[in-house]
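The values are calculated or read from the model by the stated rules, or taken from the named source; none is laboratory data. Just so we're clear, the structure is a prediction, and the values are computed from it rather than from any experiment. A quick note on method: Cβ atoms are made from the backbone with ideal geometry, for glycine too, and the neighbour counts reach across all protein chains shown. Note: areas computed on protein heavy atoms with side chains; ligands, DNA, RNA excluded. Shrake-Rupley method; radii C 1.70, N 1.55, O 1.52, S 1.80 Å.
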Amino acid sequence: MKDLEKNSSRYIGNAIKRAWIFSSDATFHYSMRVIAKGIQMNYLKIQGYLALIDLSSNNFSGAIPEAIGSLKQIVLLNLSNNILSGPLPPFLAKLTNLEALDLSQNQLSGEIPQELTQLNSLSVFNISYNSLTGPIPQSQQFATSENNSYKGNLGLCGTPLSRKCRDTKAPSSPTSKEDQDSGTAMELEWKIVCMGYASGLVIGVVLGNCLITRRRVQRLAKNFGRRKQRRRR
């Protein structure tokens, strides 16, 4: 699975000698049954170039081993229905010949790495029923997958799902010269308004005190004039 064999067109089998009859050596070919690209396929003979791993429906736990990233000739990888956890590793992008990847029904978390868009041969991609979050990479491999390939991940968003991704980008601060100038002018206007309000408040208080003092003086003068008139009488 790491290097392409020269005699990859041969079938995998063992030679069996039939000692009880006069005949040439016979060969027993291995057979197997796997689920490839969502379809159950029966192989009566296994060709040498067929490189696949099907470890589905076991109790494997922990992170996906990094050693899988060195299997550059692998065509199908099925690790579904296990207890695998941790993030979806970017080193899976090294499997350039991968045509089917099934990681459904595990406990994987985090976002889908953008590096996986390099898998140009990938035609089947199933990550349903995990705890993945974030946007689905917008490439031909992922956008053409069915919704069932992503269901069970409440945090995923984007095409082909109907759930849209929220724009988490914060509004940018003014960087152009015009924006900076307008911001400076607005700040200056506010300073002038505040200064005018403060000075007006002080002047108003002073004038108010002057008016109150003047009225008191006038009242005292009137009272003094009345007392003086009474004394004359």
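For the range 125-171, what are the residues that are touching a Lys or Arg at 6+ places or on another chain (Cβ under 8 Å) and at pLDDT below 90?
Scanning the range 125-171 gives a single hit, 158.
Considering only the range 49-86, state which residues are more than 24 Å from the chain's Cα centre (by Cα) and among the charged types (D, E, K, R).
Selection gives 54, 72.
Name the single residue that is least open to solvent (accessible area, probe 1.4 Å) among those in the range 93-107 being touching a strand residue (DSSP E or B) at 6+ places or on another chain (Cβ under 7 Å) and charged (D, E, K, R).
The qualifying residue least open to solvent (accessible area, probe 1.4 Å) is 102.
Among the residues of the range 82-92, are any open to solvent by 10 Å² or more (accessible area, probe 1.4 Å), outside any loop (DSSP other than H, G, I, E, B), closer than 19 Å to residue 147 by Cα and β-branched (Val, Ile, Thr)?
no
I'm trying to understand the selection: among the residues of the range 53-81, which are under 24 Å from residue 133 (Cβ atoms), open to solvent by less than 30 Å² (accessible area, probe 1.4 Å) and of a type in the set (A, V, I, L, M, F, W, C)?
If the condition is that a residue be under 24 Å from residue 133 (Cβ atoms), open to solvent by less than 30 Å² (accessible area, probe 1.4 Å) and of a type in the set (A, V, I, L, M, F, W, C), then 64, 68, 77, 79 are the ones that fit.
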